[in-house]
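Asks: This structure is in structure tokens; I'll ask about it shortly.
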Amino acid sequence: MDNETKELQDKKEQILSEVETFAKAEYEVVRLQVIDNASRVVGALLLTICLILIAFAVLSFCAAAAVFALALCMPAWAACLIVGAFYLLLIPVMIAAGKTLFTDPIVRKLSGFKNAEELKYETLRAEGRAAVQRERMSAHVRFAQALYSHYSQLAQAAWSAIRSLFKK
């Protein structure tokens, strides 16, 4: 009986250790996913704000150029169009450099990882660890169910034996 009790205690400690490891793995996955999603949202928001400001500047200079062109018909409008074209060329540059300028610094700030790719790699690793822990937890749950069923049957048999003693 003492061996059986010791084995059950060892199993209980192992299951508790697995539950703790499982909880830590799940926490890590959630933490990394939140960082990834937050950096994407904030990066996209900053990029959108920059694009709106640049578009406003482009429209302002183009409008000023159109006013100069129509009002004066002099070379002053050419300067305004050149400045407007310069700002217009900044839009694809901002879109191309958006990840480097916005997303990666946010990832570095929130997680300590170098860039978004490193964060994705660590997120996948954490998801893998969590999947292993989920599988282990599933095995422990099945074991606990079998153990419960076994001891439930033993308790029913003992109860039946006790009742039969008192019926005589």
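Asks: Looking at segment 31-48 only, could you name the residues that are surrounded by 13 or more Cβ atoms within 10 Å (Cβ to Cβ), out of contact with any helix residue (DSSP H, G or I) (no Cβ under 7 Å at 6 or more places or on another chain) and at pLDDT 80 or above?
Replies: Matches in segment 31-48: 31 only.
Asks: Additional query: Residue 119 versus (1) at pLDDT 80 or above; (2) over 19 Å from residue 23 (Cβ atoms): which is the lone unmet condition?
Replies: Looking at each condition in turn, residue 119 falls short on (1).
Residue by residue, here is whether (1) under 25 Å from residue 117 (Cα atoms); (2) not hydrophobic (A, V, I, L, M, F, W, C) holds:
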{"residue": "4", "(1), (2)": "no, yes"}
{"residue": "25", "(1), (2)": "yes, no"}
{"residue": "28", "(1), (2)": "yes, yes"}
{"residue": "31", "(1), (2)": "yes, yes"}
{"residue": "43", "(1), (2)": "yes, yes"}
{"residue": "80", "(1), (2)": "no, no"}
{"residue": "97", "(1), (2)": "yes, no"}
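Asks: Another question, if that's okay. Given 96, 71, 57, which one is more than 30 Å from residue 130 (Cβ to Cβ), loosely packed, with under 12 Cβ neighbours inside 10 Å, of a type in the set (A, V, I, L, M) and at pLDDT 75 or above?
Replies: 96
Asks: Return the pair list, or none, for Cβ contacts closer than 7 Å from residues in segment 140-166 that are surrounded by fewer than 10 Cβ atoms within 10 Å (Cβ to Cβ) to residues that are at pLDDT 80 or above and among the charged types (D, E, K, R), at least 6 apart or on different chains.
Replies: none
Asks: So which of 54, 49 is without any contact (Cβ under 8 Å) to a residue 12 or more places away in the chain and farther than 30 Å from residue 151 by Cβ?
Replies: The match here is 49.
Asks: So which of 7, 26, 13 ends up being under 28 Å from residue 135 (Cα atoms), charged (D, E, K, R), part of a helix (DSSP H, G or I) and modelled with pLDDT under 80?
Replies: Selected residue: 7, the only one of 7, 26, 13 that is under 28 Å from residue 135 (Cα atoms), charged (D, E, K, R), part of a helix (DSSP H, G or I) and modelled with pLDDT under 80.
Asks: Which numbered condition in (1) within 13 Å of the chain's Cα centre (by Cα); (2) aliphatic (A, V, I, L, M); (3) at pLDDT 80 or above is the only one that residue 51 fails?
Replies: For residue 51, the failing item is (1).
The values are calculated or read from the model by the stated rules, or taken from the named source; none is laboratory data. These numbers come from a predicted model, not from an experiment. Neighbour counts are summed over all protein chains in view; Cβ atoms, including those assigned to glycine, are modelled from backbone coordinates with ideal geometry.
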